[in-house]
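One structure is given below, encoded as structure tokens.
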Amino acid sequence: MKSHHALLGMLAVTVLALAPACRNTAEGVKKDSEQNAEKARHEGRSAKEGSRDAADKSADKAKEVGDKVAEGAKEVGEKIKEGAKDIGSEVSASKQTVEVKAALMADKNIDASHIDVDTDAAARTVSLKGTVPTAAQKAAAEKVARGKVDGYAVRNLLTVAKS
């Protein structure tokens, strides 16, 4: 969810960054049109010719703005793509945690009541932490975890402690 907010923030910043360029370009086009009309009057050209010059300049300015907007949109698209990858990685890590914990709890030979399962998406590692009553349960817990993880390493940090 944080990634979504960050992406929306980046989009807003990009839009705000481009807004002055659009405003300045619009003001510049208006000023250019007025100057071209005045210049055409002084040179004895028709208003039509002056308007044509203004239209050409307006088209050039509009192209500049369009290029800037396209560049900003491309950057935002890349950021969204990166955010989606991060979200996918976090979802995969959460899935690993849930599947391992559920498998440990379902195994009647393991007392999973004091076992915590933590998953590090960046390191692609599932860690078993906490205590179990016997070394056999520690080994069994690791075996169950290894059977459930998909593309993740398992770190068995369990300690044996009689209850």
- Query: Which of K95/K138; K101/K162; K79/K101 have a Cα-Cα distance over 25 Å?
  - Reply: K79/K101
- Once you have the Cα-Cα distance between D116 and K162, take 0.36 nm times their residue separation minus that, and quote the gain in nm to one decimal. 14.8 nm
- Note on the structure: The simple spin-label model distance between K108 and A136, using points 7 Å out along Cα→Cβ, in nm, is 1.5 nm
- Query: Along the charge dipole of the stretch 92-160, Cβ charges K/R +1 and D/E -1, which of S92, A136, A121 sits furthest on the positive end?
  - Reply: A136
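No lab work stands behind these numbers, since they all come straight from the coordinates. For clarity, every value in this text was computed on a predicted model and none was experimentally measured. Every residue, glycine as well, gets a Cβ built from its backbone with ideal geometry; the counts of neighbours run over all protein chains shown.
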